[in-house]
Amino acid sequence: MKNNPIPQCPVARGLQSVGDAWSILVLRDAHSGLTRFDQFRKSLGIVPTMLTKRLKALTEDGLLEKRLYSERPPREEYVLTEAGRDFLPVLMMIGAWAHRHCDGELARYIDVESGAEIEPIAIDAVTGAKLGTRPMRMSLQPESEPCDR
């Protein structure tokens, strides 16, 4: 990331925390209610050493936190932090993108209360515009001063 042409790029910075498939899939499973090492391992089919690394990194980056659930023997579980819970819309947008652009029969998101299919979209909270429908730029400057390159 040192040669990143866009200084302080939020996408590059975000990928430092969750930039590999295993980390994203661990977060997906955590959002589905999994909390324990063996649950993640069974769901993902991941080797224990890789899972240990991913859980450690997600904990260090503040997306998961460890909680003791048994004192004898000592056992910990991994629960989502606020930052981890904030990742759910990202997961849903990746899934929505896959539905539009990837082949195969894919699972759907269903609202538990209504039973209706969820169709995630990303909008700008300020303008209400759907992301991707209006021109945008990145800036390190206040709103009125564009970043020169």
For the chain, the longest principal axis of the Cα atoms and the Cα long axis of helix 21-31 enclose an angle in degrees, to the nearest 10, of 70 degrees
Which loop-located trypsin sites (Lys or Arg not before Pro) does the stretch 50-109 contain, where loop means any DSSP state but H, G, I, E or B and the Cβ has at most 15 other Cβ atoms within 10 Å? Arg108
On full extension of the chain, what length is gained from Thr127 through Glu77, given 0.36 nm per residue of separation minus the C-alpha to C-alpha distance? 14.0 nm
Rounded if a/c is under 1.5, else prolate if a/b is larger than b/c, else oblate: which is the stretch 1-130, with a ≥ b ≥ c the root eigenvalues of its Cα gyration tensor? oblate
Could you work out the relative contact order of the chain, using alpha carbon pairs under 8 angstrom and six or more residues apart, expressed as a whole percent? 15 percent
With the other protein chains left in place, how much accessible area per residue, in square angstrom, belongs to the chain at a 1.4 angstrom probe? 76 Å²
Rough spin-label spacing in nm, given labels placed 7 Å along Cα→Cβ, for Ala107 and Leu25: 1.3 nm
Using modelled backbone amide H atoms (1.01 Å from N, in-plane), which distant-in-sequence or interchain residues come within less than 5 Å of Leu64's amide H? Thr59, Thr81
The stretch 57-103: C-alpha gyration tensor shape, a/c 1.5 cut-off, then a/b vs b/c: prolate
Chain lengthening between His99 and Met50 when straightened (0.36 nm per residue, less Cα-Cα): 14.8 nm
Would you calculate a helix-derived [θ] at 222 nm for the chain, using -39,500 (n - 2.57) for each DSSP H run of n ≥ 4 and dividing by the full residue count, to the nearest 500? -11500 deg cm²/dmol
Excluding ligands, DNA and RNA, the carbon-plus-sulfur percentage of the accessible area of the stretch 1-120 with a 1.4 Å probe reads 53 percent
What length, rounded to one decimal in nm, is gained on full extension from Arg13 through to Leu140, with 0.36 nm per residue of separation minus their alpha-carbon distance? 44.3 nm
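The values are calculated or read from the model by the stated rules, or taken from the named source; none is laboratory data. Keep in mind that what you see is a predicted model, and the values were worked out from it rather than measured. Reconstructed Cβ throughout: ideal geometry from the backbone, glycine too, with neighbour counts over all protein chains shown. All accessible areas refer to the heavy atoms of the entire protein, side chains included, with ligands and DNA or RNA removed. Shrake-Rupley method; radii C 1.70, N 1.55, O 1.52, S 1.80 Å.
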